[in-house]
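S.K.: A single structure is presented below for examination.
The values are calculated or read from the model by the stated rules, or taken from the named source; none is laboratory data. If you're wondering where the values come from, they're calculated on a predicted model, not measured in any experiment. A quick note on method: Cβ atoms are made from the backbone with ideal geometry, for glycine too, and the neighbour counts reach across all protein chains shown. With ligands, DNA and RNA removed, areas are computed over all heavy atoms of the protein, side chains included. Shrake-Rupley method; radii C 1.70, N 1.55, O 1.52, S 1.80 Å.
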Amino acid sequence: MSTNEASYRDKKVMSIGIVKELTGLSERQIRYYEKRSLLFPERTTTGIRKYSFSDVERLMEIADRIEEGVQTSEIRTELAKKDEARKMKEVKSQMLRGQLNAHFQRKL
């Protein structure tokens with residue numbers, strides 16, 4: 001995944017109304033998942049929640065797991081593990097890029 005793609009997916013630009021339409025969830029459900037620390041929207045200076053495309057995907061995953069009967073505490077643990085694995089993958093990728101850059105700069 002390129003840096004531009006990651007920043008595009010993670011940019012918090014959508015209102016709760018748009019997220020509601022995209023996910024089929026109610027505003028109440030979305031706020032509940034936020035309250036249960038499953039989702040972390042940004043807030044504008046006036047307190048309006050803003051969501052990203054990554055948040056929409058996360059909400060869909062949460063809704064699927066809830067439908068399967070999984071408790072929110074279990075979902076939180078699962079999501080935390082996935083987030084940690086994703087961060088580690090990004091760190092490894094950055095380290096590899098740095099090593100490659102250093103190797104090729106020595107050749108110049």
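S.K.: Give all pairs with beta carbons closer than 7 Å in which a residue from the stretch 20-31 that is in contact (Cβ under 8 Å) with a residue 12 or more places away in the chain meets a residue that is in a helix (DSSP H, G or I) and small (Gly, Ala, Ser); count only pairs at least 6 apart in sequence or on separate chains.
M.R.: Short answer, once both residue conditions are applied: Thr23/Ala63; Leu25/Ala63.
S.K.: Can I ask one more? Would you confirm whether or not the stretch 49-56 contains a residue that is in contact with a helix residue (DSSP H, G or I) (Cβ under 8 Å, 6 or more places away or on another chain) and free of Cβ contacts under 8 Å to residues at least 40 places away in the same chain?
M.R.: yes
S.K.: Of the residues that make up the stretch 22-39, is at least one open to solvent by 80 Å² or more (accessible area, probe 1.4 Å), hydrophobic (A, V, I, L, M, F, W, C) and not in a loop (DSSP other than H, G, I, E, B)?
M.R.: Yes, there is a match, as at least one residue in the stretch 22-39 is open to solvent by 80 Å² or more (accessible area, probe 1.4 Å), hydrophobic (A, V, I, L, M, F, W, C) and not in a loop (DSSP other than H, G, I, E, B).
S.K.: Identify all residues within the stretch 67-96 that are under 14 Å from the mean Cα position of the chain (by Cα), open to solvent by 60 Å² or more (accessible area, probe 1.4 Å) and within 19 Å of Val56 (Cβ to Cβ); write none if there are none.
M.R.: Arg76, Glu78, Lys82, Arg86
S.K.: Please go through the stretch 47-64 and give me each residue that is farther than 16 Å from Gly17 by Cα and either part of a loop (DSSP other than H, G, I, E, B) or open to solvent by 80 Å² or more (accessible area, probe 1.4 Å) (or both), ordered by number.
M.R.: Across the stretch 47-64, the qualifying residue is only Asp64.
S.K.: Find all pairs meeting these conditions: Cβ atoms under 7 angstrom apart; at least six residues apart or on different chains; first residue within the stretch 71-100 and within 23 Å of Ser37 (Cα to Cα) and at pLDDT 90 or above; second residue open to solvent by 70 Å² or more (accessible area, probe 1.4 Å) and not aromatic (Phe, Trp, Tyr).
M.R.: Within 7 Å, the pairs are Thr72/Arg36; Arg76/Arg36.
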